[in-house]
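A short worksheet on the structure shown next.
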Amino acid sequence: TFKQQSFILLQVAFKMYLGVTPSVSCNSATGNEFSLILDKNPLVDFVEELPAERASLCYCNLLCGVIRGALEMVHLAAEVSFLQDRLRGDAVTEIGITFLRKPEDRKHRR
């Protein structure tokens, strides 16, 4: 199915580019929402501690932009955001992905 293919592609892409494989959590009844959970986030290794005046900064938000851009490249509109962040004291890094519309099943004409 489309959902399973998306999960596999995301896991392979994370392994290729970041060297980690996220687990996928899907608790949505509609099937258009899921979370990627990273036990280890390699981008965190480059940040020692966020200064107090920059506490609202989401350093790893770059990942959300990359995921959203990659999905747009294959014509999938999605909202991508951080739900948990290890830099803010959470146990894991969790990225929430919500598809804004279902992919069209029509075939492209040549």
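Values in this text are rule-based calculations from the coordinates and carry no lab data. Predicted model, so just to flag it, every value in this text is computed and none were measured. Because the Cβ atoms are built from the backbone with ideal geometry, glycine has one as well, and the counts that use them run over all protein chains shown.
General observations
- Rounded to the nearest 20, the size of the Cβ-charge dipole of segment 40-83 about its Cα centre is 140 debye, with Lys and Arg at +1 and Asp and Glu at -1.
- In this simple spin-label model, placing a label point 7 Å from the Cα along the Cα-to-Cβ direction at both LYS40 and ALA77 gives a separation of 3.9 nm.
- Label point of GLU48 set 7 angstrom out along Cα-Cβ; within segment 72-96, amide nitrogens under 19 Å from it belong to 87-89.
- Helix-only CD estimate at 222 nm, as mean residue ellipticity for the chain, using -39500 (n - 2.57) per DSSP H run (n ≥ 4): -9000 deg cm²/dmol
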